[in-house]
Amino acid sequence: MEVSSNNSNEKKFSIVKRAKSFAYAGRGIWILVKTTHNSWVHIFLLCFAIFLGLFFHITRYEWMMLVVAAGLVLAAEAFNTAIEIDIDLTSPDIHPLARDVKDVAAGAVLITAVTALLIGLFIFVPYIVAAL
């Protein structure tokens with residue numbers, strides 16, 4: 001049996017479709033920022049860390065650590081928001097398992113935020129102490 005390479009289910013690469021996927025992702029980020037007040041706190045603290053990094057002229061390695069930490073926190077917040085939206089849609093009535101799912105997702109955000117805070121302290125406390 002010969003396998004045809006013209007499978008009608010195969011999708012061809014499309015620049016237009018890739019551009020649309022970026023637009024959808026941008027819309028998702030906008031929904032995150034617009035609807036999740038905790039993301040505002042994370043973004044404010046990121047801006048403050050960037051200010052401190054510029055002020056203290058932190059090393060390239062320290063910048064990399066900040067970027068990774070901030071990216072993980074914002075991604076965790078985005079996943080948490082997506083999970084909350086989904087649970088609100090699929091389980092509009094109060095259900096203990098729905099609450100558990102939301103709490104676990106929020107816990108993941110807390111874990112990443114505490115980790116980012118510790119990274120920030122490891123980076124900036126020595127600079128602050130040296131400046132005193």
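We did not get these values from a lab; they are worked out from the coordinates using the rules stated. All of these numbers come straight from a predicted model, not from anything done at the bench. As a convention, Cβ positions derive from the backbone with ideal geometry for all residues, glycine included, and neighbour counts pool all protein chains shown.
Scanning the chain for helices, which whole DSSP H stretches are 18 Å or more long along the axis (Cα) and average 1.6 or more by Kyte-Doolittle?
Length and hydropathy pass: 37-56, 96-131.
Specify the longest stretch of the chain that does not include any exposed loop site, a site being one of the GluC sites (Glu not before Pro) with a non-H, G, I, E, B DSSP assignment and at most 16 other Cβ atoms within 10 Å.
Result for the longest clean stretch: 11-132.
Under 10 °C and 1.306 mPa s, how fast does region 37-131 diffuse according to Stokes-Einstein, given a Kirkwood radius computed over C-alpha pairs? Answer in µm²/s, whole number.
Once the numbers are plugged in, D ends up at 108 µm²/s.
Might you report the magnitude of the Cβ-based charge dipole of region 1-127 about its Cα centre, with Lys and Arg at +1 and Asp and Glu at -1, to the nearest 20 debye?
580 debye
Around TRP40, what is the net charge, scoring Lys/Arg as +1 and Asp/Glu as -1 over all other residues with Cβ under 15 Å from its Cβ?
0
For a quick protection proxy, order the peptides 11-19, 44-52 by their average other-Cβ count within 10 Å, most packed first.
Numbers: 11-19: 8.0, 44-52: 14.3.
Going by the mean number of other Cβ atoms within 10 Å, highest first, we get 44-52, 11-19.
When we measure straight from the Cα of LYS102, which lysines land under 26 angstrom away, once same-chain ones fewer than 8 places off are left out?
Partners found: LYS34.
What does the charge count around ALA106 come to, taking other residues whose C-beta lies under 10 Å from its C-beta (Lys +1, Arg +1, Asp -1, Glu -1)?
-2
Using a Cα-Cα cut-off of under 20 Å, which aspartates and glutamates could be cross-linked to LYS20, ignoring same-chain neighbours fewer than 8 residues away?
GLU10
List every residue whose amide H lies under 5 Å from the amide H of ILE58, counting only residues 5 or more places away in sequence or on a different chain, with H placed 1.01 Å from N in the peptide plane.
Those lying under 5 Å, H to H, from ILE58: there are none.
Using the number of other C-beta atoms within 10 angstrom as an exposure proxy, rank THR81, THR90 with the fewest first.
By the 10 Å Cβ count, ascending: THR90, THR81.
If I take every Cα pair under 8 Å that is 6 or more residues apart in region 37-131, average their sequence separation and divide by the length, what percent do I get for the relative contact order? Could you put the intermediate results ahead of the total?
Details: 43 pairs, mean separation 35.9, N = 95.
Relative contact order, region 37-131: 38 percent.
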